[in-house]
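Below you'll find the structure, written out as C-alpha cells, and then a few comments.
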Amino acid sequence: MHQSYQIHSILKQGVHIESIAAYDNYVILGTRSGQLIMYSVDANGAVDMLMFNKNFSKKPIVQMEVIEAENLLFVLTDAMIHVCDISHMEKNFSFIHSSELTKGCSLFTMDVKTTKSTTGKTVNVLRICCAIKRRLQFFYWKPYLLESPDFSIELKDVPKALCWVDDLICVGYKDEYVIFNIKYNKTEKHDLIVTSSSHNMDPCICLLKDIIGISKDEYLVTIDPSVYLARKDDKAKAQGAIDTTTTSKGKNPLKPIMWSGSLLALVWDEPFVVGRVSNGIEIRCLEANGINKDTLVQSIPELSKTKHLVRSGRGTIFAAAISELWCIRMVDISVQRQQLLQQKKFQLAIELTNISDEPELAKAETIRQIHMRYAKELFALKQFSAAMNEFEKAQANPYDVIRLFPNLLQDKASADSFDATVPQVSNMPQLEDKDLENALLALIEFLALARQKEVVKLRDTKNASKSLLSIIDTTLLKCYLQTNDSLIAPLLRLNQCHLEESEKTLLKHDKISELIILYQTNGQHKKALELLKSQATKEGSNLYGYERTIRYLQQLGSSHMSLILEFSDWVLKADPEKGLRIFTDDFIEVENLPRATVLDFLLSHHKKLVIPYLEHVINVWNDHNTLIHNVLIKQYREQIQNIMKDMEKQELETETLKVQLKECRSKLYNILENSTNYSPDVILKDFPTNILLEERALILERLKKHEKVLAIYIQILGDVDKAAKYCERNYEDEPDIFFILLKTILSPMKLPPYEGVELHEEFKKPNEDVAVKLLNKYATKIDPSKIWPFLPDEMPVHRMLNYLDTVIRTKTAHEHHMEMKKALLQAEIRRCTELVREQQNISFEINEFTTCPECKKRFANQSAFVRYPNGEIVHLSCHDKRIMASNLFGN
C-alpha cells in the first residue's frame with residue numbers, strides 16, 4: 001500500500017448532516033432540520049462559509065445534486081424536488097422552482113448531456129429520473145421548471161439506489177439489481193444480480209468512468225453498459241457481461257473486487273475507487289497491481305464514522321459523519337509515483353501519470369520510462385508475453401529488447417555494421433529449455449510488430465533504418481530456427497537479413513534449403529547456384545538431383561541470362577530431357593527469355609536439343625519468327641541427311657533408321673506444308689536437289705513455281721494424283737494450271753530438271769492415257785483452244801469424246817444462261833421504265849398556303865422538298881432530320 005490521499009478535518013459543529021453535495025472546492029451540506037449550508041475549502045483545509053439558508057425546508061434534506069455547468073442545485077426534501085440557483089452567493093440558495101409533479105419522490109438520479117444547437121451554441125440537456133413509490137417518473141429541465149414527457153416505468157418494489165448512464169437506468173432493490181433500457185422511450189428490462197446472499201443491506205451503485213459498479217456483499221461487481229444498449233436479439237450476450245465486464249480501453253475482463261467488508265457507499269476518483277465500509281474508508285484500484293496482485297491502495301480507519309461520500313473534482317472527496325466533515329485530497333502524483341515505482345506497481349503509476357497536469361511531452365516520456373521498467377521487471381519474473389506487451393507500449397528500440405537475449409546478438413563484426421552502441425542489460429535471468437522457448441515466442445511476436453512498423457516507415461517516409469530492419473529480420477531468423485523452422489522460408493522470401501550473419505547461422509543449423517532462399521532474396525544467385533550444384537550429387541541431401549536447380553534457373557529471368565547459360569550447361573549434360581525444361585517450362589520468366597540467345601547456346605553446346613526446343617517454341621508458344629522456322633527446317637533437313645548417310649554406312653539397324661527417317665521427314669513435310677512463317681527462297685538455297693523432292697515441291701509451291709512443281713510430281717516422281725491435287729489447290733489463283741499439267745505430260749522434258757535424278761519411265765515420252773483421263777476428269781477447267789495444239793495428231797477422236805461432249809455442253813449451257821439473263825434484264829428495264837413514267841405523270845400543287853407537316857412552316861419559292869408515296873410533302877432538310885432520327889432510334 002501507499003498513501004494516495006491525505007485527510008483534513010475541516011468542520012465540527014452541532015448541525016445534523018443528512019446529505020452532502022460538492023463541486024470544485026465547494027461543499028454543500030443539507031441538514032436534518034432543513035438547512036442548506038455552503039462552504040469553500042482551500043488547498044490547506046481552511047474553511048469559509050459562503051451561503052446559509054436556515055429555513056429552506058421544515059423537513060430533512062434527503063438528497064442533493066449539483067449541476068455546475070448551469071449553477072443549479074437540485075434538492076430533495078419533503079418528498080419533492082426543489083431547484084435553487086447557486087450562482088449568486090449573496091442570495092443564499094435563491095429558489096427557482098418546486099415541482100408538484102415530483103410529489104412522493106424518495107430518490108432521484110440525473111443525466112447531463114452536452115449538445116450543440118442548430119445555431120452552433122453549446123447546450124446542456126438535463127434529464128431527471130424520480131423514484132415515486134413503485135414507479136420511475138422521468139422529467140427534463142426546461143429553464144425555470146421541470147417538464148414531464150409522460151413517460152414512466154412501473155416497478156415491483158420501491159428502489160433503494162439509482163444510476164443513470166446514457167439510455168440506461170440501473171435500479172437497486174432490497175434484494176436485486178435490474179437495468180432498464182429506455183432508448184426511444186421503450187422500456188426493456190434486464191435482470192442483473194441479487195444484492196446480497198447473506199447480509200441485509202441497502203444496494204450501492206456508482207458510475208466508474210464508463211462502467212457501472214454495484215455492490216454484492218464484500219464485492220464490487222462491474223457491468224458494461226454497452227451490452228444492454230444492444231438490440232433485443234443480443235440479450236443473450238448481456239447475461240455474460242456480469243462479472244466479466246471489459247473496460248473502454250479494451251483491457252482484459254475485470255474480476256469482482258473484494259473489500260474488507262460490505263460496501264456502504266462508493267465514489268470514483270480516477271484511477272481509484274473510494275468505498276465506505278463499516279470499519280472505515282478504503283481506496284482501491286479496478287485492477288490488481290504489483291507483485292502481490294492486490295487492489296488495495298490505502299485504508300483510512302479513522303473515518304469509520306462517515307455516513308456520506310461525495311466527489312467534488314479530480315483528487316478531492318468530501319466525507320461527512322452526523323456532525324463532522326472531512327476533505328480527502330489526493331497526494332501529489334509525482335510523490336505517489338515514486339512510492340509506486342518502489343513498490344513495483346507500475347500500472348497504477350502509469351494511470352496516475354496519465355491524469356497528471358505535467359506537460360504532454362514530459363508526461364509521455366515518463367510513461368514510456370515506466371513501461372520500460374515494468375517490461376524489464378516482468379521479463380525478470382519470466383512473464384515474457386506481458387513483458388513484450390509493455391515493450392511495445394513503451395515503443396522500445398527493438399535492439400534494446402534483443403539484447404536481453406545474449407545468444408541472439410550479432411558477433412562484433414556484424415554489430416559494428418549496425419552502428420548499435422546500446423549498453424548491455426544486466427540482472428536478467430538465464431533462460432533455458434521451456435523458459436527460453438516461451439521467451440523466444442514472445443520476442444517473435446514483438447519483433448513481428450516492430451518489423452511491420454519499420455516497413456511502413458521505409459515505404460511511406462524513407463526514414464526507417466535499414467540496419468534496424470536488418471537486425472530485426474536476422475533475429476527473427478535465429479528465433480525461428482529455435483522454435484518453428486517452418487516459418488524460416490516465408491521470412492527469407494521477404495527479408496532484410498544481414499547476409500553474412502544469416503549465412504553463418506543457417507550453415508550452423510544445416511539449413512541448406514533456407515540458405516538458398518537467403519542467397520536468392522539477396523541477389524547472390526551465383527552462390528546459390530554453386531551450392532545447388534554441389535548438393536545435387538550428395539546422397540541424402542534434400543537438394544539431391546536437378547529439380548531445384550532447374551526451378552531456380554527458371555525464376556531468374558532474362559536479366560540473368562549469362563548465369564542461366566552457365567549453370568544450365570551441367571544440367572543439360574547430366575540429363576538433357578529434364579534440363580531442357582529450363583528453357584521450355586510454362587513460366588512467364590522462361591517464355592520471355594531471348595530465344596535467339598538460347599538457340600545460339602544450344603547450337604554451340606547441345607545441338608541435339610535444338611530440334612525439341614524449336615518444336616516447343618513453335619508448337620506450344622506459337623512463335624511466328626521467321627528465323628526460328630527457318631532454323632527448325634534446316635535442322636530437320638540436316639538430320640534427314642545424316643540418317644541417310646548412316647543408312648548407307650549401315651552403322652545401325654536399317655529398320656530403326658527407317659523409322660527415324662520416316663518420322664523426321666513427316667515433321668519436315670508438315671512444317672513446309674502448314675507453316676507460313678518460313679522464307680521459301682532462303683530455305684531453297686541450301687536444299688538438296690537429288691533427295692527430298694516432295695519437300696522441295698512444297699517449297700516451290702510457296703514460290704508459285706508451278707511448272708517446276710509439276711515437273712517434279714510428273715517427270716521425276718510420276719505421281720499423277722499429287723499433281724492433280726496440287727492443281728486443284730491452286731486453280732483459283734492460276735486458272736491455266738491444269739493446262740500446264742497436261743502440257744508437262746504431253747510435252748515432256750528430254751533431260752531431268754536436276755542433276756542426280758532420273759526421269760520417271762512412264763513420262764519420258766507423252767503419256768496419252770494419263771492425258772485423256774485428266775482431260776475427261778477436269779474437262780471444264782481446261783481450255784480446248786489452248787490444249788488442242790499439244791494433243792498428238794494420231795490420237796483418235798473417240799478417246800476425247802467425253803471431254804469434247806462436256807466442253808460443248810458446258811459452252812452451250814453458258815450461252816443459254818447468258819441469253820436468259822439478258823432477256824430477264826431487258827424485261828426488268830421495261831418494267832422500271834413504265835414505273836418511272838407513271839410517277840412522272842403524277843402532279844401536285846404547292847402554293848403559299850401549303851405547309852410542311854414536320855416543321856409546320858410554309859414552302860418558299862426556292863425550297864427543296866421531298867414527296868412521300870402517301871402524298872406528304874416535306875422540306876428536304878426536314879426529310880433528312882426524319883431519316884437521322886429513324887437511324888438513331890432504330891425505327
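The values are calculated or read from the model by the stated rules, or taken from the named source; none is laboratory data. Worth saying up front: this structure is predicted, and the values here are computed from it rather than measured. Positions of Cβ are backbone-derived with ideal geometry, glycine not excepted, and every protein chain shown enters the neighbour counts. Side chains are part of the model used for accessible areas, which takes the heavy atoms of the whole protein and leaves out ligands, DNA and RNA. Shrake-Rupley method; radii C 1.70, N 1.55, O 1.52, S 1.80 Å.
Probing with 1.4 Å while keeping every protein chain in the model, the per residue accessible area of the stretch 754-840 equals 77 Å².
Once the Cβ-Cβ distance of Asp357 and Ser278 is raised to the sixth power relative to R0 = 35 Å, the FRET efficiency obtained is 0.45. Note on the stretch 12-127: with charges restricted to the Cβ of Lys and Arg (+1) and Asp and Glu (-1), its dipole about the Cα centre is near 280 debye. Quick one: check the C-alpha center-to-center distance for the stretch 709-743 versus the stretch 483-498, whole angstrom. When both Cα centres are located, 71 Å separates them. For the pair Glu655 and Glu758, a Förster radius of 25 Å applied to the C-beta separation gives a FRET efficiency near 0.40, rounded to the nearest 0.05. Across the accessible surface of the stretch 597-650, with the other protein chains kept in place and a 1.4 Å probe, carbon and sulfur atoms take up 45 percent.
For the stretch 560-671, the residue among Asn625, Val590, Val659 whose Cα projects farthest onto the positive side of the dipole built from Cβ charges is Val659. About its Cα centre, the dipole of the stretch 115-192 is roughly 260 debye, where the only charges are +1 on Lys and Arg Cβ and -1 on Asp and Glu Cβ.
Each peptide in 505-515, 865-875 was scored by the mean count of other Cβ atoms within 10 Å over its residues; highest first, the order is 505-515, 865-875. Scaling the Cα radius of gyration of the stretch 642-770 by the globular reference 2.2 N^0.38 Å produces a ratio of 1.15. Amide H contacts under 5 Å for Asp217: Ser197, restricted to partners 5 or more places along the chain or on a different chain, H placed in the peptide plane at 1.01 Å from N. Would you give the gap between the C-alpha center of the stretch 548-606 and the C-alpha center of the stretch 636-705, rounded to a whole Å? Value for the Cα centre distance between the two parts: 28 Å. Computed extension gain for Arg134 through Glu68, at 0.36 nm per residue and net of the alpha carbon distance, reaches 20.7 nm. Could you give the distance between the Cα centres of the stretch 120-182 and the stretch 758-819, to the whole Å? Using only Cα atoms, the two centres lie 119 Å from each other. The charge dipole of the chain, taken about the Cα centre with unit charges on the Cβ atoms of Lys, Arg (+1) and Asp, Glu (-1), comes to about 1840 debye, rounded to the nearest 20.
Full extension of the chain between Ala813 and Asp332 gives 160.7 nm of extra length, using 0.36 nm per residue less the Cα-Cα distance.
Check cross-link reach from Lys658 to the aspartates and glutamates: straight Cα distance under 14 Å, and skip same-chain residues fewer than eight apart. Cα-Cα hits under 14 Å: Asp646, Glu648. I'm spelling it out carefully: the read-out is Cα Rg over 2.2 N^0.38 Å, the candidates are (i) 2.26; (ii) 1.82; (iii) 1.66, and one was derived from this structure. Which label? Checked against the structure: label (ii).
Sorted on the mean count of surrounding Cβ atoms within 10 Å across their residues, most packed first, peptides 170-177, 2-9 read 170-177, 2-9.
Rolling a 1.4 Å probe over the protein heavy atoms gives the stretch 44-107 an accessible area of 50 Å² per residue.
Each of Ile402, Val227, Gln63 was placed along the dipole of the chain (beta-carbon charges, centred on the mean Cα), and the one lying farthest toward the positive end is Gln63. Surface composition of the stretch 440-571: carbon and sulfur make up 50 percent of the accessible area, probe 1.4 Å. The calculated 222 nm mean residue ellipticity attributable to helices in the chain amounts to -12500 deg cm²/dmol, summing -39500 (n - 2.57) over DSSP H runs of n ≥ 4 and dividing by all residues. If the cut-off is 28 Å between C-alpha atoms, which lysines fall inside it for Lys857, apart from same-chain ones fewer than 8 positions away? The qualifying lysines are Lys881. For the stretch 44-183, with all protein chains in place and a probe radius of 1.4 Å, 48% of the accessible heavy-atom surface sits on carbon or sulfur.
Placing dummy labels 7 Å off each Cα toward the beta-carbon, the span from Asn542 to Lys344 is 4.2 nm. Here Ile883 and Lys857 are evaluated by their C-beta separation; at R0 = 22 Å the FRET efficiency comes out at 0.75.
Extension gain for the segment Ala448 to Ile691, taken as residue separation times 0.36 nm less the Cα-Cα distance, is 80.2 nm to one decimal. Inter-label distance, Met258 to Ile7: 2.5 nm, where each label sits 7 Å from its Cα along the C-beta direction. Think of the chain as a dipole: +1 on every Lys or Arg Cβ, -1 on every Asp or Glu Cβ, centred on the Cα centre; then among Ile808, Ile179, Leu614, Ile179 lies furthest on the positive end. In this simple spin-label model, placing a label point 7 Å from the Cα along the Cα-to-Cβ direction at both Ile153 and Asp460 gives a separation of 4.4 nm.
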